[in-house]
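The values are calculated or read from the model by the stated rules, or taken from the named source; none is laboratory data. Note that the coordinates shown come from a computational prediction; the quantities given were computed from them, not determined experimentally. FYI the Cβ positions are ideal-geometry reconstructions off the backbone, even for glycines, and counts take in every protein chain you see.
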Amino acid sequence: MLYEFIAVNRGDIIRRCRSKVAARSIPPPTAAEIDHGVPVFLDQLGNALRGHKADMDIAESAVLHAHDLLLQGFTISQVVHDYGDVCQAITELAVDLDAPISTDDFRLLNSCLDDAIAAAVTEYGRERQQTRENESTRANERLGFFAHELRNLLSTATLAFEALQRGNVGITGSTATVLDRSLTRLRALVGRSLAEVRLTQGVRNTETLLVSGFIDGLSPGATLEANARDVRLVVMAVDRDVAISVDRQILEAMVWNLLQNAFKFTRPSTTVILRVGASAARVLIEVEDECGGLQVPAPGELFRSFEQRSADRTGLGLGLAFCRWGAEMNHGRVYTRNLPGKGCVFTVDLPRVAVPAVV
């Protein structure tokens, strides 16, 4: 009987399949591919050949096998060939050992293989489509991130220029510094965005920085923006021994988005607070406003892409989604808590690191 032949020669069949996959597949196979694609299938095939109901088990193992191969970058052709290798290995070994396979057993073998291939191809196609949709969403988020940050910097630069143009401030004062910093950040943003075309994974420009210096650099531009919106910005003092390891430009964009959201949604003539808290392991950068409280049942939904919850639709609904993405890129997270009747607090939660040594 074929099921007895498979049980006795199981190890040899797996070795033959492994050799076939290794000779054909690029990249080379992993243990997961063989584990899900061959041994599990052989066990379930044996049950089917003994008359047990194994169609569902075979389909489930094929789905898992397709998932593994997709994660490794394999093509649909390779998924199909993996199951073809099983059939070839069994029939070749039967010929080598002069162990004839009955017509009924061979028909059942092919039926089980057909079911496995159909399930694997269906799952592969479903996950491939989902992957493409996710990639498209991320591409839109990255493009939106660029446009969103570009708008923020241009807005700050314009406000600084208008203040200089009116002659109310000197060309060598802090307003001119804000303009210069905005233009510098615009140039860096364009350069960074071009680099993002080539770099698709990970944080590439990580540096260790003092949070106090980071906040000091943000304060002049943020104050100018707050004044333009009839909002008072209070920046709390930051301990000088608090440091984080982050991508500075991404973090700047995140905090700017939170500040500008606060300026946008807080009530006129109220206060926005920027403060930093720290424990032995974490650093919390918080932005608190006086918007009156969040009117959403699940505040976490605010961090979804293109999510807008107010009548002011001047933005793309991407700012908070990018804060979430940026926090994850820097091994942290971002969240909010409601202050009913008063406002809300948005928090960027990052790992704390040791203060860099002064050389």
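Would you call Leu218 assigned by TED's automatic domain parsing to the domain that holds Glu328 and crowded, with 21+ Cβ neighbours inside 10 Å? In short, no.
Checking each residue in the stretch 149-172 for being among the hydrophobic types (A, V, I, L, M, F, W, C) and under 21 Å from Leu259 (Cα atoms) picks out Leu150, Leu153, Leu154, Ala157, Leu159, Ala160, Phe161, Ala163.
Checked against the criterion of being at pLDDT 75 or above, crowded, with 19+ Cβ neighbours inside 10 Å and part of a helix (DSSP H, G or I), the candidates Thr156, Thr91 yield just one match: Thr156. Would you mind stating whether Ala99 is in a helix (DSSP H, G or I) and at pLDDT 80 or above? No; evaluated as a whole, the condition is false for this residue.
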